[in-house]
């Protein structure tokens, strides 16, 4: 189920849009991306991003080759909640929420929503405006609120969708209050050495050689958001030269710090993979679904090319990581052969990605 590749980020608002205290007819002050001056792609933790993706991981059946969430995540969380004798509204309402997601895949695009907000409080406020206006921006006289309502109406356009959004927010709020907030703080403390190591390697060793590629592909800066719920499949909201938001894997240990780089490379190579796929498929093949299939595989294979370019020593570890995410064995001990077999892609597409990456690093 390679669904994330055809889901596009929501349109109509700049990144990190909202709302510093908007009430009644007063003028809201929009928040701006808080990128530290002189720092490109700072690493930032965002509890509300993790909460939202955590909730989707518990609701959504995950059958993708590279799982949309960390492998085994839902089972591990279920065991943890059972050990604490915790049941939330998200658990109680799963039987009604999950079938809606399964029957209406477009709603899965809502996974990207927290990447447009700076905090959980902003998200709550935005959904309150959205429900009060019944999804109609014209019901508010405040220009910023109109923008918020229009933004969410892209994802939840129908009355039934708005009802789903209402029930989802109620359930996620319960999940946050009864379980996730305390658990996330615990995990943050446990994984802080891993994150510190990853952050250090990112800014000192990995990002500098990547920067020419990122500049060339209009990804010069943004926020890198480690997320507990994510495995090999990141979430990205590109925003041109600055302000992009990329949710990536949060390493468990200092020895696995590179998984943050791996998932970033997987997302950052998206435009390169798309060009390679589109240039080598006919319209008929696109209609047959090969474009979607190869676009997903292209992120894995293209990410490998990108990682190898900046640090050849990490190429095999990247391959092992994605083989583990896909649950594929390493036959005969040949990691790279197993990787190619698990993620098959035509040579001309791989060659196209390699040439594009070479051009980007060459600064042409």
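The values are calculated or read from the model by the stated rules, or taken from the named source; none is laboratory data. Small disclaimer: the values here were computed from a predicted structure and weren't measured. No Cβ is skipped: glycine too gets one built from the backbone with ideal geometry, and neighbour counts run over all protein chains shown.
Laid out as a table, the results:
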quantity	calculated
Failed criterion for residue 196 (all others in (1) farther than 24 Å from residue 129 by Cβ; (2) modelled with pLDDT under 95 hold)	(2)
The listed residue being out of contact with any helix residue (DSSP H, G or I) (no Cβ under 8 Å at 6 or more places or on another chain), touching a residue at least 40 places away in the same chain (Cβ under 8 Å) and either over 16 Å from residue 124 (Cα atoms) or not in a helix (DSSP H, G or I) (or both), out of 203, 219	203
Some residue of the range 53-75 being more than 30 Å from residue 297 (Cβ to Cβ), surrounded by 18 or more Cβ atoms within 10 Å (Cβ to Cβ) and at pLDDT 95 or above	no
Residue within the range 247-269 that is outside the structural domain of residue 119 (by TED's automatic domain parsing) and farther than 27 Å from residue 193 by Cα present	yes
Enumeration of residues in the range 128-179 that are in contact with a strand residue (DSSP E or B) (Cβ under 7 Å, 6 or more places away or on another chain) and surrounded by fewer than 19 Cβ atoms within 10 Å (Cβ to Cβ)	none
Matching residues in the range 81-93 - criterion: being in contact with a helix residue (DSSP H, G or I) (Cβ under 7 Å, 6 or more places away or on another chain), part of a helix (DSSP H, G or I) and either under 20 Å from residue 183 (Cα atoms) or outside the structural domain of residue 163 (by TED's automatic domain parsing) (or both)	81, 89, 90
Which numbered condition residue 283 misses (of (1) more than 30 Å from residue 88 (Cβ to Cβ); (2) at pLDDT below 95; (3) under 18 Å from the mean Cα position of the chain (by Cα))	(3)
Unmet criterion (only one of (1) more than 17 Å from residue 53 (Cβ to Cβ); (2) at pLDDT below 95) for residue 96	(2)
Any hit, the range 216-228, residues being over 18 Å from the mean Cα position of the chain (by Cα) and either assigned by TED's automatic domain parsing to the domain that holds residue 184 or buried (at least 18 other Cβ atoms within 10 Å of the Cβ) (or both)	yes
Selected residue [modelled with pLDDT of 95 or more and farther than 30 Å from residue 104 by Cβ] from 207, 125, 162	207
So residue 272, is it more than 17 Å from residue 318 (Cβ to Cβ) and either at pLDDT below 95 or crowded, with 17+ Cβ neighbours inside 10 Å (or both)	no
